[in-house]
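Reading through the structure tokens given below for one structure.
The values are calculated or read from the model by the stated rules, or taken from the named source; none is laboratory data. Keep in mind it's a predicted model, so treat the numbers as computed, not measured. Please note: Cβ atoms are built from the backbone with ideal geometry, for glycine as well, and neighbour counts cover all protein chains shown. Areas reflect the complete protein model, heavy atoms only, side chains present, ligands, DNA and RNA absent. Shrake-Rupley method; radii C 1.70, N 1.55, O 1.52, S 1.80 Å.
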Amino acid sequence: MPANPPPARPDPTPSTAPPAARLRPIPGGYDIDRWPITVPIRPGEAIPGWLLHFASRYQLSPAQLLREFGFTSRPATVDRVLDQVAECSREITWCLGLAPRALSPALCGWPAEASLGRYLAHRRGIRHHFSGSRFCPRCLAEPDCIWQRQWAHPLLPICLRHRLRLQTRCPGCGQVPFSDTTWLGSHGPPWHCPQRCPRESADRKVRPFCRHDLRDATVIEANDDLCTAQRYLTALASRYDRTAATTRFEAFCDLAADKVGIEALVTLGAHQERQQIR
């Protein structure tokens, strides 16, 4: 006799498993290679301060941020940091969705910076090195504050907004902010000192960051004469930056050199150049 046929299979029961995940369509004009948080540089903001702000939004340090753009070696000077940002400025602005030349004003400087650079190059034969930055405690105490580019200019020692002398050293560690590249490993708000604490002995232990609140620094009022002189200097630099005749501005720098300490700047710049040559 022929074998009995196998029993019929039962009807399949509805599956309780969730449906397979499907890729969401990408809206038109959206680029998945761009970074999700845009951190634009604001008018008058310094590149070191902006790098700290940019990095902190991604919970990174500026050094880690620069490595993301291909710079694996740690820069030895702040000037080299600025050079690296200039080299990858187009890539940075593209990744953040900014205008292609959004960083140019901060990298190219402004009239007083350009005029001082020409003065040092033509009259003293040295390059203007970034040797740290002053700061205004009142500006840092304002909401949504920035680290201002003009604070690093050696001939502009006054905050005209608050009529105060800019402070040079952190009250906590006694160092000039951004005077070296230790801040590349830091992160935090603009009013925290970005320097590492001074080395107390010859050991090679990693020093902690200072992070002193710079808003607590002592303020010293500037008199009317100093404020007027700085306004005149800024206007003079802006006027002669637009022309080829810079003789008057250079003569003014010669006249003001003994008054605002430009000789100390020249000596420091020459020392830094000798160190780089070695």
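Search the range 219-248 for residues being modelled with pLDDT under 65 and not in a helix (DSSP H, G or I), and hand back the single one that is surrounded by the most Cβ atoms within 10 Å (Cβ to Cβ). Restricting to residues being modelled with pLDDT under 65 and not in a helix (DSSP H, G or I), the top hit is Thr246. Residues of the range 53-75 that are touching a residue at least 60 places away in the same chain (Cβ under 8 Å) and more than 18 Å from Gln195 (Cα to Cα): Gln59, Leu66.
On the stretch given as the range 182-210, residues that are more than 17 Å from Arg149 (Cα to Cα) and surrounded by fewer than 20 Cβ atoms within 10 Å (Cβ to Cβ) total 17. Taking each residue of the range 213-233 that is free of Cβ contacts under 8 Å to residues at least 60 places away in the same chain and looking for partners that are open to solvent by 90 Å² or more (accessible area, probe 1.4 Å) and not in a helix (DSSP H, G or I) with beta-carbon atoms closer than 8 Å, six or more apart or interchain, yields Ile220/Arg165; Glu221/Arg165. Taking the range 160-179 as the range and being out of contact with any Pro (no Cβ under 9 Å at 6 or more places or on another chain) and among the hydrophobic types (A, V, I, L, M, F, W, C) as the test, the residues that pass are Leu160, Val176.
Mind checking whether some residue in the range 55-66 is of a type outside the set (Phe, Trp, Tyr) and farther than 17 Å from Ser186 by Cα? No. Considering Ala99, Ala106, Ala86, the condition of being part of a loop (DSSP other than H, G, I, E, B) and either at pLDDT 85 or above or open to solvent by less than 40 Å² (accessible area, probe 1.4 Å) (or both) is satisfied by Ala99 alone.
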